[in-house]
Structure formats: C-alpha cells, structure tokens
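Have a look at the structure below before the remarks.
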Amino acid sequence: DMKNAVIGNNKQKANLIVLGAVPRLLYLLQQETSSTELRTECAVVLGSLAMGTENNVKSLLDCHIIPALLQGLLLPDLKFIEACLRCLRTIFISPVTPEDLLYTDATVISHLMALLSRSRYTQEYICQIFSHCCKGPDHQTILFNHGAVQNIAHLLVSTSYKVRMQALKCFSVLAFENPQVSMTLVNVSVDGELLPQIFVKMLQRDKPIEMQLTSAKCLTSMCRAGAIRTDDSCIVLKTLPCLVRMCSKERLLEERVEGAETLAYLIETDVELQRIASITDHLIVMLADYFKYPSSVSAITDIKRLDHDLKHAHELRQAAFKLYASLGANDEDIRKKIIETENMMDRIVNGLSESSIKVRLAAVRCLHSLSRSVQQLRTSFQDHAVWKPLMKVLQNAPNEILVVASSTLCNLLLEFSPSKEPILESGAIELLCSLTQSENLALRVNGIWALMNMAFQAEQKIKSDILRGLSTEQLFQLLSDSDVNVLMKTLGLLRNLLSTRPHIDHIMSTHGKQIMQAVTLILEGEHNIEVKEQTLCILANIADGTTAKELIMTNDDILQKIKYYMSHSNAKLQLAAMFCISNLIWNEEEGSQERQDKLRDMGIVDILHKLSQSSDPNLCDKAKTALQQYLA
C-alpha cells in the first residue's frame, strides 16, 4: 500500500518520511526474520522515496541507508539484490550524496564487480553507480585496480541499450585525464574487436545522441592521453566531426554545452586539429549562436524546456568561450576569424563581468588566447579598451582566474601594445608587485613576467616605480626563489631595467650595492647555464654604464668571476663574459686606459689571445674585436 501511495507523488513521500517511515522500513529490511518478499518491498519503497526531492535523499542518508543497502547485497536473492541496487543507484546519482560513501569499505567494490554477472539490471545499476561515484584520479585508480576495465568491457556489446550506455559512461569517466586507463583501453578487445573501433561505431549518426557524445568523450580522453594519435582517422574523421555536430543549434542545450567543452579539450594542444575544427561546418559562426538563443526554435513548444534553458544560458556562453580559446590558441588566421565574428570583443568584455565564475574564467581564457596575436593587441584590443575590465577582474578574483588574467596582462604589456600606457596609469605596478609575493607559483611567475614586459624600453620613471614597488627585499626573495622560471623572469626584469646608459647609471647609483650582491649570489650558486648567461648579460649592461662601470672595476671578486667564465667550457657563457670585458675596455670612453691596464695585469689579454684562435666563429670575432681595443 505504501509503495502504491508514494509512486510519483512527492507530497506523499514527504508525509511518510515526516511520519518516521524510514527507520521502520530499514529495520524491517535488515531483520533476519523478515521474509525475502518483505525485504524486497521495503527496498522498493525506499527507492521510491529516494526518487523524490533532495531533502528526501538527505533524510535517507541521515538514517544510514547506504550501509544497510550494501549489507543487503550479501543476500543470495536476486530480486532483492536488484531492488537494493536500484535504490543505491538513485541515492548515489543525487548531488547531495558524498561519493566517498561507496569507498569506505574496501570489500564493497570487489563485491559489486562480482555482482555484474548476475543480470542486466545489476549491470545497468552498478555501472551507473560507478560512473556517478568516480570523481578524480583516486577513485579511477581504485576502480581500475579492481578490474573495472576487464569487467565492464564486454557490457559494451550487451543486448540491452541501457547496459551499453551505462558501460560507455563508465569508460568515459574512467579514462578522463587518466593516461593509465586510456593506454589500457586501446589494447582491450571484445569479441575480436578493439575498444576504439567499438567506440567509433557508437558515434555514428544513426546512434542516439547521448551515445554519440559519450563515445566521443572516451576517444577524446584517449587521444589527449597519447593513447591515440591526433592524426588518427578515428579522431580526425570521426570524433572531431561528431563533436562539431553537437554544437549545432538543433541540439539541446546540454548537448551543445558538452559538445563544445569536449571539443575544446580535444583540440586544446594540437594546431592541426584546431585548423580542421575551424573549417568544419562553419563552427566559428555556429558558436556565435551560443550567445543568442538558448533554445532551438523547434524546442520552444515545450515551455518547461524554455524556462530551463534560460536559467542555464550562461553554461552555453562559457562553453563557447572555452572552445574559442582552444580554436585560437595557436593560429593567427583563426584568431582573426574569431574576432571578426559579430560583436565578439563586446561579448568577451561582457563575459568578464558576469556573475557566474565559470563564465568569467572562460571569457578570460578566450581573451588570453586572442591576446597572443600582435595584430589584435594593436587593433581590436585597443578599440574595445579591453584592459579596463581586465584590470577590474584582477582586483579580487580567485586564483584560477588570476592566473589566466595575469597571463593576459603580460601580453597587453608588451612594448608594441598600445594598452601599455593606460594600464600603467591604472595602478598596475602595485598590483603586479603584490602578485610576486603570492604563495601560488603561477601568479609569482606572471607578476614578475608582466613587470619584465613593462620595463622593456620603458622610461626611467616607470623603471624607478617598479624598483620602488618591488623593494630590494622582495627582489632578493625572487632571486632566491626555488623555481627557475621565477628566477629567469626576475633576471629578465633586471636586464630590462638596466638598459640605456642614463638609466643604468641612475639605477646603479641608488641600488648598485644590492644589485652587485645579487649578481655575486647567483654566479656563485648552483644554477643552470641559462640563469648564469642571463646574469652575465646583466653585468655586461652594468659595464656599459658610464659611472656604473666602476662598481665592477672596484669589485675584484666579480672581475675574477668574469675571468673564470671567459675560459668556461660553455660557449654561451664565454660569449656573455666577453661582452662584459668589451664594455669595460672600450677605447672612446673616459678611464679606458686604466681599466685596460688593470685587466691586462689580471691575465685577461692572454685569455683573449687564446680565444682569438677558437674554432667558434662568434668567440673568435669577439676576442679579436676586444684585442683591437688594446692596439688602438
């Protein structure tokens, strides 16, 4: 009677729960004296209650329904097992249920694997439970180690569509961003057919959309993991066109979102796939519809659908931004096409200030992708004053947005970008200096990188502001950062600050002592060739100053180091050290005679003679030029 009362009636479900039916039903379900029929009926009613609202599921979870049902799976009766699994399935697919409840007891997974052979219902429900509870690499590993691939593979050719579909969904979540699973899937065969071939059959146009999309996701994961080559025909001729089809406005909102997101992931790192996608079915124009009407005209007859789509329209926008970002990641012509799509820049600018964090992140990603284009930085980016909303986004965003937004800012600060001036006026130096103190490595790199771009060929005031904003302490902090990227960008910043003579002399007069300390510190440390080369180039810049030279000439320790690097085994370092020497001994400059004499006494001329015989033409030329200064 209870079962018939609650089916399809949420009010009745809620009433029963309030009246305390759940603990009683669970008691009967677990009583050993209850008959199998009674136990089964209890499981069915509980399953029906779980079908109601999220609050119903919470009430069931509070009564510890999951352990009770899992315990029930140990009984021999198949009808009862199926009823328990159906109820478990309904509970686990609810967003309020923590997935970890499936993994608390290690024996549960292996028991579920064993139950897969019992009936098509156990197969359907167990696969559905797995695909909903597999969130992240830890879960993937547990299922993989319990033989999920071998146990589920043969279900892909089941006679039941529901079983095939749930098995396919399992593979799509198992393989996602998981090279181990992907590499295994490539070599698994069912009835003499390899899994990739089975997946390709499942994405043919005559198959249900859900099946096409899910198998495309499997093949996409395998391709991204390197298990299938990007130029394999199953990717180029099958998976990619299938995903583009999913973006057409005939498809439902969810299908368009998933299609675009999966396609963005598939082509994200491969230029050739980006080019193919950009000319398939007018994709770039097709995506413009993602910003217009969430529902296709044919679906509007359903008013519920329309209401749902209007609420979820932001998902379409973020999917479109993501796909545009992938399409424009490398190719200049594609970027141009994207920007020429109607109102594209306005859409991105609007996206940057949307309330949904997903849309903001995707819009910033799209902007970042397009900002790699020199031409667009000079034109579209300028016309739309993109820097304004970008600076606003940088004010108090979460880290994942900050990382992409600050990368974009790096590009907007390149010397040929007209946005450079206004960005400076809006307080960027302070903002970027604060990023360099972040715990987050990517933010530190971007902060210092942007400052490096800002300092390139900048006027003296900007350079002084940067040094003031950073403080000497912070500069040393960055120069002793454990990450080589941070170190290289900081050296790049120093090199850009110390360019053009008046600037070099000015900065060295205020910060000379600290900078020379920093240079010594790095040349003495355990650093790679690139780092040392960059540091010697900074010394060469200092040696080019008029008064700054003296800081090197009066520092015997540094002079000995330059001498050491002139005879180093690496030609790059030898060359960089020679630049220092050339700048110190250049004839037309005041005091060159004394400097030449001091360096001769140190044995530098002997090294130059040796180097002028070098087999490396660069070293040989540089040494001969330097020796001429002595003869002139």
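The values are calculated or read from the model by the stated rules, or taken from the named source; none is laboratory data. Note that this is a predicted model, so its numbers are computed, not measured. Cβ coordinates were reconstructed from backbone atoms using ideal geometry, including for glycine residues, and neighbour counts include every protein chain displayed. For the accessible areas, the whole protein counts, side chains as well, though only heavy atoms, and no ligand, DNA or RNA atoms are used. Shrake-Rupley method; radii C 1.70, N 1.55, O 1.52, S 1.80 Å.
Nonpolar atom fraction for segment 524-631, defined as the carbon and sulfur part of the 1.4 Å probe accessible area, stands at 48 percent.
For a 27 Å ceiling on Cα separation, which of these pairs sit above it: K336/K572; K162/K217; K58/K322?
Over 27 Å apart, Cα to Cα: K336/K572; K58/K322.
Electrostatic bookkeeping for S438 treats Lys and Arg as +1 and Asp and Glu as -1; over the other residues with beta carbon under 15 Å from its beta carbon, the sum is -3.
Using Cβ point charges alone (K and R +1, D and E -1), the dipole size of segment 75-230 about the Cα centre works out to roughly 460 debye. For segment 319-355, GluC sites (Glu not before Pro) are listed when DSSP marks them as loop and at most 12 other Cβ atoms sit within 10 Å of their Cβ; the list is E342.
Per-residue Karplus couplings for segment 496-513, computed as 6.51 cos²θ - 1.76 cosθ + 1.60 with θ equal to phi - 60°, are listed in order as 5, 5, 8, 10, 6, 3, x, 5, 4, 5, 5, 5, 5, 6, 9, 10, x, 4 Hz, Gly and Pro entered as x.
Across segment 541-557, rounded Karplus estimates of 3J(HN,Hα) from the backbone phi angles (6.51 cos²θ - 1.76 cosθ + 1.60, θ = phi - 60°) give 5, 4, 5, 8, x, 7, 8, 4, 3, 4, 4, 7, 5, 8, 10, 4, 4 Hz, Gly and Pro being marked x. Placing unit charges on the Cβ atoms only, positive for Lys and Arg and negative for Asp and Glu, gives segment 492-632 a dipole magnitude near 180 debye about its Cα centre.
Note on segment 181-249: the alpha carbon radius of gyration divided by the globular reference 2.2 N^0.38 Å gives 1.05. If a/c stays under 1.5 just call it rounded; otherwise compare a/b with b/c (prolate if a/b is bigger, oblate if not). Do that for segment 230-320, with a ≥ b ≥ c from the square roots of the Cα gyration tensor eigenvalues. It is prolate, given that a/c is not under 1.5 and a/b is the larger ratio.
For the pairs K79/K135; K461/K624; K11/K249; K249/K420; K463/K549; K337/K463, note any where the Cα-Cα span goes beyond 31 Å.
The answer is K461/K624; K11/K249; K249/K420; K337/K463.
Remark on M51: its backbone amide H falls under 5 Å from none of the residues 5 or more positions apart or on other chains, H modelled at 1.01 Å from N. Database remark: amide H of V190 closer than 5 angstrom to the amide H of L195 (H placed geometrically; neighbours at sequence offset of 5 or more, or on other chains; Pro and chain starts carry no H). Secondary-structure-derived ellipticity at 222 nm for the chain, considering helices only, amounts to -21000 deg cm²/dmol, per-run term -39500 (n - 2.57) for DSSP H runs with n ≥ 4. All C-alpha to C-alpha distances of segment 480-594, sorted into 5 Å bins beginning at zero, yield P(r) values of 2, 12, 24, 26, 21, 11, 3, 1, 0 percent in whole numbers. The residues of segment 524-631 present an accessible area of 49 Å² per residue when probed at 1.4 Å with all protein chains retained. Averaging over all projection directions, find the projected area of the Cα convex hull of the chain and quote it in nm² with one decimal place. Its average projected convex-hull area is 36.1 nm². The phi-based Karplus calculation (6.51 cos²θ - 1.76 cosθ + 1.60; θ = phi - 60°) puts the 3J(HN,Hα) values of segment 328-336 at x, 4, 10, 9, 4, 5, 5, 4, 4 Hz, whole numbers, x for Gly and Pro.
In a reduced charge model with +1 at each Lys and Arg Cβ and -1 at each Asp and Glu Cβ, the chain shows a dipole moment near 1460 debye about its Cα centre.
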